[in-house]
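The values are calculated or read from the model by the stated rules, or taken from the named source; none is laboratory data. Note that this is a predicted model, so its numbers are computed, not measured. Please note: Cβ atoms are built from the backbone with ideal geometry, for glycine as well, and neighbour counts cover all protein chains shown. When the accessible area is computed, the model is the full protein with side chains, heavy atoms only, and any ligands, DNA or RNA have been set aside. Shrake-Rupley method; radii C 1.70, N 1.55, O 1.52, S 1.80 Å.
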Number of protein chains: 4
Amino acid sequence: MLHFDCDYLEGTHPLIMERLLKTNLEQTPGYGFDRYTIDAKEKIKQACQCPDAEIHFLIGGTQTNATVIDALLRPYQGVLAPTTGHINVHESGAIEASGHKVIALPQHNGKVSANDVDRYITDFYADPTFGHMVAPGMLYLSYPTEYGTLYSRSELENLSAVCKKHGIPLYLDGARLGYALASDDADMSLADIARLCDVFYIGGTKVGALFGEAVVATRPGILGNFFPIVKQHGALLAKGRLLGLQFDTLFTDNLYLRIAKHAIRMAMKLKCGFADKGYRFYIDSPTNQQFVILDNNTRERLSHHATFETWGHTDSGDAIVRFATSWATREEDIDELLHWL
Amino acid sequence: MLHFDCDYLEGTHPLIMERLLKTNLEQTPGYGFDRYTIDAKEKIKQACQCPDAEIHFLIGGTQTNATVIDALLRPYQGVLAPTTGHINVHESGAIEASGHKVIALPQHNGKVSANDVDRYITDFYADPTFGHMVAPGMLYLSYPTEYGTLYSRSELENLSAVCKKHGIPLYLDGARLGYALASDDADMSLADIARLCDVFYIGGTKVGALFGEAVVATRPGILGNFFPIVKQHGALLAKGRLLGLQFDTLFTDNLYLRIAKHAIRMAMKLKCGFADKGYRFYIDSPTNQQFVILDNNTRERLSHHATFETWGHTDSGDAIVRFATSWATREEDIDELLHWL
Amino acid sequence: MLHFDCDYLEGTHPLIMERLLKTNLEQTPGYGFDRYTIDAKEKIKQACQCPDAEIHFLIGGTQTNATVIDALLRPYQGVLAPTTGHINVHESGAIEASGHKVIALPQHNGKVSANDVDRYITDFYADPTFGHMVAPGMLYLSYPTEYGTLYSRSELENLSAVCKKHGIPLYLDGARLGYALASDDADMSLADIARLCDVFYIGGTKVGALFGEAVVATRPGILGNFFPIVKQHGALLAKGRLLGLQFDTLFTDNLYLRIAKHAIRMAMKLKCGFADKGYRFYIDSPTNQQFVILDNNTRERLSHHATFETWGHTDSGDAIVRFATSWATREEDIDELLHWL
Amino acid sequence: MLHFDCDYLEGTHPLIMERLLKTNLEQTPGYGFDRYTIDAKEKIKQACQCPDAEIHFLIGGTQTNATVIDALLRPYQGVLAPTTGHINVHESGAIEASGHKVIALPQHNGKVSANDVDRYITDFYADPTFGHMVAPGMLYLSYPTEYGTLYSRSELENLSAVCKKHGIPLYLDGARLGYALASDDADMSLADIARLCDVFYIGGTKVGALFGEAVVATRPGILGNFFPIVKQHGALLAKGRLLGLQFDTLFTDNLYLRIAKHAIRMAMKLKCGFADKGYRFYIDSPTNQQFVILDNNTRERLSHHATFETWGHTDSGDAIVRFATSWATREEDIDELLHWL
């Protein structure tokens, strides 16, 4: 059986596993005060060209979103996000559990537009009853989005400008950041992201790490007294060096981007293969998630050979199916999948 | 200047004020253990034809919604509501502050449809990732809605049936319940409401009381150990008899409905007056809130004679303006307003 | 039957009732934007000799504590309070419901000492694991305390100095503030309180009002964007003028203090009466709550003539019983009670 | 430099590392639906002799405590715990962040007594104002305690009986459970724990795993719909098999207990070594944490050779110092440490 359900099927990149093995019995202080963590932070700052950035390592994506958002907002504020944003759909209400409303804005191919954000905030403060409404306290977006799509640099610049105009921070969920940066369609570098966002995270869980996400606060101090907030959210890893060591490895010799590029190459091969055989796509994704439309017979037939996620159905009843590649996808698996089309 | 901004401009019905005055120096136990409160509960149960109902008195609407919803849900559950529901728009995130997501469903003239609720819940549990999503734990609706519209009895029966089918409670926000029941378009009695809802509240603040809302739990026990939940929400009035005494008065000799009928008569007079002069309405409301479309000149001109709320604008740029009547509205004020058209 | 259970048995001072009656059908804007509220704020600022103070009116004590504390703290911070503090004992976890720990310090006759506060905070930051502990973000105390006792001016000055030294706000719960200020033992005025506290509230519910508490923030801005926080806590009264009008009356011609003095006179008469007959006291209270030790026979016998609260028992098994007087206590009731001793 | 600061200095037991390495590129479903997780659950049920138990794997201790407690309590309930309980001291308010008060009871060598629990709950419901207080909804204790001490079987039986009597669940924090079970002083097996507790967790982070805690609910259903609660707390590991595989290894061939025994042997050697040289102990601990009293000269001198934690000071000013051993402690390090005494 072939597996394309998601991008966290395997463990970690062999170079990381090798270092975990090699350092396994070393004794290091806990909670991120070890030298691997310090080194990793340094390398990430360099990769972001943001020497003043504050870096924090957390364990998983939902946890990172909930913790960062709680740190950025006052209790009566909410977070703007596209309706399809992960925090609005797939986090079991983790944001609301900290008391904050997710204010859903229209999505366009998974993206929120600067215009919509600007209009929402402008209308909000023009409404005489705004004191009774949840104040928009920050903007959340994903890059790539939950549909695999990408913001262009100018789109992100506009969003960043709108946030600055209204004095709210822009937070970017980079659970799959590597797969965005590695895409041929991307016109942004990590340094661009760091320049345009107030806070973002570099996803490790889906891009080569065993687990772990690196939070980058590009405006020092913006997350306040973050350590106890992390602890309070149950997000503080006792053996913090596990996170440091993984990110240190990912940001040595550009490993993060290199392995992401492999995932993209695999995704593009899969995409071309489906397209060549006349399949249509639900959305035109340039990253590692591909959303293919399958009639139900084909879907049933393929399911004997491969696992994948069914995301929904088109109006005409065909299935919308997601195939995900990753840094670990084997080219022969793609070949075999295409063979079964 | 005439005032039609809202339905809580004045104090309380003179009969209530008279009793407050008369009993002012009586000594009664606190927190609702006095005989006025006990009497009021009995009268409400009779009016609801629901002898087993549990009655609780709280102070205001947002507080009541937040407290009841917190009592009905488990932490990981959310509350279904139309996008225009008061809890989704005008409660400053009080629901989220207790950790619960408001799951917004499409609104149709301010109402949610049984079909939409059924489909949402069905689709939810059909989604293989539902464990990562906020479980729909109850349904919230307002009667009358925030747009002044009414559910018909068959609509509420369908909503009630859908909730039963899926095993979730139906909660009705009756901040203006009197103005619904008193409307010529209403085909439901208080007993119907009690039969079809698991929990609802009878709004006092906007319908004759100085303040206060009466929560009716028609399935005893459904609110659990409600007393400490009320206290924890800061919703326990020390001098509880103030609430009991007001509702005792409102439910003596049918006062609640009688004064509500006055508000409706005033609203209908206002509505006809506007219609006769060719004004259009944003929505066809049979209750005490009337939403009139005014071009900006007229709006400006009228604003020298009367206060009212501007709710928004039509696509063509005209203002949508709300005029609210209440139990206290004077007929001569309506006459004078119509004179200025 | 005589009643000494608590200080909120009756309604409101007749002058307030008279104004409620007189203004009952006036039309005023909601939510505290009316002129009565504006006037009341002005009078309170004058009484506090604090022209820059921000004044907000809320409905009840637990609600006020929860709302103010939530406004003052960051999510990871807690509130220091004596173990006997109302927020630590009798608010059903309302503070924790907003996510904040009540950090209990030793109490001495219901009071917290500046030394204990200083040592706690100093030790906290000296502990290498403090990042894993709840940071002390503010100090809460009651004046008078839950035992009826009073801080002296120098005690409050020391507490205020310690808070300043450590950069945390001092918040004073004045649910019975009038009964403190009116006590012969008090060596502080309202202006002293305002000078020494960052935020406090002037209790109305127990001192002459029907309900209502006046929050005084002596450092403008310290409560942040307080309006939506109040709304989110369900603490925003629709007919805000009810609060304004009550406090306007209480702060006209010194009514608040004058009626409090009556309560104190009644309490002292009761205290002397018990003492004269040889009764002992659990605590020496100079305010309106008197804690008398009764053997169980006497307690049983008195309970046929009067209601009172049993607070606990001494080690030898006698009952500790609270008698509360208020602005409304009738002297003949005291006489009759003493007669039954 | 020797390191005795804590019991999570190293990575994981070599057998676990070996399996992580070996399975690294296997493709498994996420979120704990893999076969390693299923196997691990089966083995834990057998070790607990509790075939009906529900097992869940989480990542860290604070996270586990916050998630389990939130699942067990209703919003208005609190958790009883000794003042020294980890949840009361070192979790940055994670319990309160979910809205629950930690109700601190007296500690005796880190333990709570059945008598104290019984009296607290009995007194609570005897207090006429209990509706205004935080209801005790469960009992939390640690085994071993934060001081390294152990409950005897009869103590735990008494605590269990008191909890049953009052109808509240007993939850045992087993962050270092292995080090309790492996102690010569322990008179309980895992099966005893399972029989006496409603929920407990088997700590992995400190006892051989890279990270991870195994929650055992011995009464199925008691945790309710736990999956979304875990997700909401940010505690759901994407690559769930990492947890399953670790616990599968720990519960194969009794590894968990065997490696714990090593830690105990090392701790006893250290303890005897100190005792032999005349050192006194702050507490008599039979487990892997040893609390030694050092005068400040000795403490200073030793700190050049070894790291350890200073927990406080005795009344006479000597330091209370903690030395922790673990499954990974090397005997030669103990020898060398003792050499420096």
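Here A:Gly93 does not fit the description of being closer than 17 Å to A:His166 by Cα and at the interface with another protein chain (Cβ under 9 Å from one of its Cβ atoms). Could you tell me whether the stretch C:122-131 includes any residue that is under 26 Å from B:Gly99 (Cα atoms) and not in a loop (DSSP other than H, G, I, E, B)? Within the stretch C:122-131, one or more residues are under 26 Å from B:Gly99 (Cα atoms) and not in a loop (DSSP other than H, G, I, E, B). Just one residue in the set C:Thr149, C:Thr145 is under 23 Å from C:Ile44 (Cα atoms) and in a loop (DSSP other than H, G, I, E, B); that residue is C:Thr145. Residues of the stretch C:176-225 that are at positive phi and open to solvent by 10 Å² or more (accessible area, probe 1.4 Å): C:Gly221, C:Gly224. Restricting attention to the stretch A:307-326, the residues being buried (at least 17 other Cβ atoms within 10 Å of the Cβ) and either farther than 24 Å from A:Pro286 by Cβ or hydrophobic (A, V, I, L, M, F, W, C) (or both) number 7.
Selection of the stretch D:68-83 for residues being touching a residue at least 40 places away in the same chain (Cβ under 8 Å), within 7 Å of another protein chain (Cβ to nearest Cβ) and touching a helix residue (DSSP H, G or I) at 6+ places or on another chain (Cβ under 7 Å) yields D:Asp70, D:Tyr76.
Criterion first (within 22 Å of B:Gly240 (Cβ to Cβ), open to solvent by less than 20 Å² (accessible area, probe 1.4 Å) and more than 8 Å from chain C (Cβ to nearest Cβ)) does B:Ala47 satisfy it?
no
Considering (1) closer than 29 Å to B:His86 by Cα; (2) touching a Ser or Thr at 6+ places or on another chain (Cβ under 8 Å); (3) assigned to a helix (DSSP H, G or I), the lone condition that C:Phe211 does not fulfil carries the number (3).
If you go through the stretch A:89-102 and keep only what is crowded, with 23+ Cβ neighbours inside 10 Å and within 29 Å of A:Ile283 (Cα to Cα), you end up with A:Glu91, A:Ser92, A:Gly93, A:Ala94, A:Ile95, A:Lys101, A:Val102. Checked against the criterion of being within 11 Å of chain D (Cβ to nearest Cβ) and open to solvent by 20 Å² or more (accessible area, probe 1.4 Å), the candidates A:His56, A:His86, A:His108, A:His13 yield just one match: A:His13.
Among the residues of the stretch A:19-36, which ones are more than 9 Å from chain D (Cβ to nearest Cβ) and among the charged types (D, E, K, R)? Within the stretch A:19-36, A:Arg19, A:Lys22, A:Asp34, A:Arg35 meet the criteria.
Scanning the stretch D:289-341 for residues that are more than 20 Å from D:Cys272 (Cβ to Cβ), charged (D, E, K, R) and within 20 Å of the chain's Cα centre (by Cα) turns up just one, D:Glu309.
Residue-level check: of (1) open to solvent by 10 Å² or more (accessible area, probe 1.4 Å); (2) not in a helix (DSSP H, G or I), A:Glu155 misses just (2).
Go through the residues of the stretch D:217-233 one by one and say whether even a single one is of a type in the set (A, V, I, L, M), in a loop (DSSP other than H, G, I, E, B), within 17 Å of the chain's Cα centre (by Cα) and in the same structural domain as D:Ile38 (by TED's automatic domain parsing).
First, pick out the residues of the stretch D:217-233 that are of a type in the set (A, V, I, L, M): D:217, D:222-223, D:229-230.
Imposing the further condition that a residue be in a loop (DSSP other than H, G, I, E, B) reduces the set to D:222-223.
Retained after the next criterion (residues that are within 17 Å of the chain's Cα centre (by Cα)): none.
Within the stretch D:217-233, none of the residues are of a type in the set (A, V, I, L, M), in a loop (DSSP other than H, G, I, E, B), within 17 Å of the chain's Cα centre (by Cα) and in the same structural domain as D:Ile38 (by TED's automatic domain parsing).
Whether a residue is on the phi < 0 side of the Ramachandran plot, of a type in the set (A, V, I, L, M), touching a residue at least 24 places away in the same chain (Cβ under 8 Å) and not in a helix (DSSP H, G or I) was assessed, and D:Ile103 passes this test.
Examine the stretch C:281-293 for a residue that is open to solvent by 40 Å² or more (accessible area, probe 1.4 Å) and either more than 26 Å from C:Gly208 (Cα to Cα) or assigned by TED's automatic domain parsing to the domain that holds C:Gly30 (or both), and state whether such a residue exists. So that I can check it myself, show each step before the final result.
Start the filter on the stretch C:281-293 by keeping residues that are open to solvent by 40 Å² or more (accessible area, probe 1.4 Å), which leaves C:281-282, C:284.
Subset that is either more than 26 Å from C:Gly208 (Cα to Cα) or assigned by TED's automatic domain parsing to the domain that holds C:Gly30 (or both): C:281-282.
Looking through the stretch C:281-293, at least one residue is open to solvent by 40 Å² or more (accessible area, probe 1.4 Å) and either more than 26 Å from C:Gly208 (Cα to Cα) or assigned by TED's automatic domain parsing to the domain that holds C:Gly30 (or both).
Of the residues making up the stretch A:16-40, those that are surrounded by fewer than 16 Cβ atoms within 10 Å (Cβ to Cβ), of a type in the set (A, V, I, L, M, F, W, C) and within 23 Å of A:Ile55 (Cα to Cα) number 2. Whether any residue in the stretch D:112-120 is more than 11 Å from every other protein chain (Cβ to nearest Cβ) and among the basic types (Lys, Arg) is what I want to check. Yes, there is a match, as at least one residue in the stretch D:112-120 is more than 11 Å from every other protein chain (Cβ to nearest Cβ) and among the basic types (Lys, Arg).
Cβ-Cβ contacts under 8 Å between residues 6 or more apart (or on different chains), taken from a first residue in the stretch A:128-143 that is within 14 Å of chain B (Cβ to nearest Cβ) and more than 16 Å from A:Val215 (Cβ to Cβ) to a second residue that is assigned to a loop (DSSP other than H, G, I, E, B) and of a type in the set (S, T, N, Q), are listed as A:Gly131/B:Ser92; A:His132/B:Ser92; A:Met133/B:Ser92; A:Val134/B:Ser92; A:Ala135/C:Asn225. Scanning the stretch B:231-250 for residues that are touching a Ser or Thr at 6+ places or on another chain (Cβ under 6 Å) and not charged (D, E, K, R), we see that the one that is most open to solvent (accessible area, probe 1.4 Å) is B:His233.
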